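Below: the structure, in structure tokens.
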Amino acid sequence: MSEWWPDIAKLGGVPLLVREYKYDSVISEVMLTAIRQAVPSASLLDLPDGYQMQEGPDYAQWYMR
């Protein structure tokens, strides 16, 4: 974000409310109260032990020109 809004760091966070509804009722609510700029750890991309991977469809074939 800092590329298009250099002063975003001065805000000290950006409040964000996410609500999930089911049949006109709120079933969950999450409020993000802070945002920070950092390089994410590569370990966040590690799969948990016991996680089974499955190959998905080859979408590239649909986008060939």
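Among the residues of region 37-65, those that are out of contact with any Ser or Thr (no Cβ under 7 Å at 6 or more places or on another chain), open to solvent by 80 Å² or more (accessible area, probe 1.4 Å), closer than 30 Å to PRO6 by Cβ and assigned to a loop (DSSP other than H, G, I, E, B) comprise VAL39, PRO40. Restricted to region 1-35, and to residues that are among the small types (Gly, Ala, Ser) and at pLDDT 70 or above, which residue is farthest from the chain's Cα centre (by Cα)? Filtering first and then ranking leaves SER25. Considering region 18-65 alone, what residues qualify as being touching a strand residue (DSSP E or B) at 6+ places or on another chain (Cβ under 7 Å) and of a type in the set (A, V, I, L, M)? Result: VAL18, VAL26, ILE27, VAL30, MET31, LEU32. The C-beta contact set for region 36-65 (first residue aliphatic (A, V, I, L, M), second residue open to solvent by less than 90 Å² (accessible area, probe 1.4 Å), distance under 6 angstrom, 6+ apart or interchain) is empty.
The values are calculated or read from the model by the stated rules, or taken from the named source; none is laboratory data. Computed from a prediction, not measured in an experiment: that's the story for all the values here. Here the Cβ is made from the backbone with ideal geometry for all residues, glycine too, and neighbour counts use every protein chain on show. Remember, those area values only see protein heavy atoms, side chains included, never the ligands or the DNA or RNA. Shrake-Rupley method; radii C 1.70, N 1.55, O 1.52, S 1.80 Å.
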